[in-house]
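What follows is one structure encoded as structure tokens, with my remarks underneath.
Please treat every number below as a calculation from the coordinates, not as lab data. Keep in mind that this is a model prediction, so the values were computed, not measured. Reconstructed Cβ throughout: ideal geometry from the backbone, glycine too, with neighbour counts over all protein chains shown.
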Amino acid sequence: MTESRVALITGSSSGIGAAIARRLTAEGIRVVINSARSEQAGRELAAELPGALYVQGDVSDLADARRIVATAVEAHGRLDILVNNAGRTRFIPLDDLDAADADAWRDIFEVNVLGTWQMVTAAAPHLRKSGAASIVNISSVSATRALGSSVPYAVSKAAVNHMTRLLAAQLGPAVRVNAVAPGLIETPWYDGAEEVWESSREWITANTPLRRVGTPEDVAEATLYLVNAAYTTGDVLTVDGGRHVV
Ligand SMILES: NC(=O)c1ccc[n+]([C@@H]2O[C@H](COP(=O)([O-])OP(=O)(O)OC[C@H]3O[C@@H](n4cnc5c(N)ncnc54)[C@H](OP(=O)(O)O)[C@@H]3O)[C@@H](O)[C@H]2O)c1
């Protein structure tokens, strides 16, 4: 019997990352759960999932990124899948140019862009040895449309999309690199931004082809598809209920 694959999912104590951890576990993949702050939630999820391990660490810190990967490889002896899901935003109206200051840009880019890059560079040597390796970056529909929680956030996800293409070109054939671009997904992401959530939810329910907001499980299903899609690399898969066509 071949040994089961190992997946490291950043930011998986909550929301989309937690759903990805559950979905990959259901496929027999051993998962490594991570978060920077919500340690208890991460440990509880790991205790619930067979073969799972929790590793605290901030992806925007290079030493932490290296330690997260090293701990995963030490525990399981291999790494086959990296899901870069950890993300940060600030809710700033897109027309409020002054509020999107240097601090906001740095804060968001440090996690969404630099954090993703640091996890990839730490994981790449191990992924190259896997034989069936895959990276999935969690992007956003705001990467390609004039919408989103803030301008720095949308631009950071555009950077993630292009990083996905650049990495696919460099890491093939050993490692495939793809991204999922979710639309509005019901998670704790919107805690403290209930007005934004409610108005977006109303608009989406009334105007988009599938007439509902997304669930973390919708994104997890697309992530699993890309993990197994042996002839797909450098692609961004939209999971937004058809919002991009209206
Ligand atoms: N919800 C949506 O509508 C939506 C739409 C498009 C894209 N996305 C993307 O989906 C991803 C997950 O978001 P979500 O909606 O599931 O939000 P969430 O429930 O708030 O989850 C975010 C996760 O990231 C972790 N995290 C944040 N900063 C981190 C860091 N520096 N290092 C490690 N972990 C970190 C959080 O844990 P701690 O804070 O405790 O560390 C948490 O586990 C994000 O990349 C987001 O941009 C979400």
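Odds and ends about this structure:
- Cβ crowding within 10 Å ranks 157, 129 as 129, 157, fewest other Cβ atoms first.
- Positive end of the dipole of the chain (Cβ unit charges, origin at the Cα centre): among 119, 36, 203, the Cα lying farthest that way belongs to 119.
- Fewest-first sequence of 121, 187 by Cβ atoms within 10 Å of each Cβ: 121, 187
- Lys, Arg +1 and Asp, Glu -1 on Cβ, resulting dipole of the chain about Cα centre, debye, nearest 20: 1020
- For the chain: relative contact order, % (alpha-carbon pairs under 8 angstrom, 6 or more apart): 19
- Using 0.36 nm per residue and subtracting the Cα-Cα separation, the extra length available between residue 215 and residue 246 on full extension is 9.2 nm.
- Simple Cβ-charge dipole of the range 42-135, Lys/Arg +1 and Asp/Glu -1, about Cα centre, in debye nearest 20: 720
- Among 63-69, 239-245, 92-98, 202-208, the order from most to least packed when residues are scored by Cβ within 10 Å on average: 63-69, 239-245, 202-208, 92-98
- Ordered by the number of other Cβ atoms lying within 10 Å of each residue's own Cβ, fewest first, 163, 119 fall into the sequence 163, 119.
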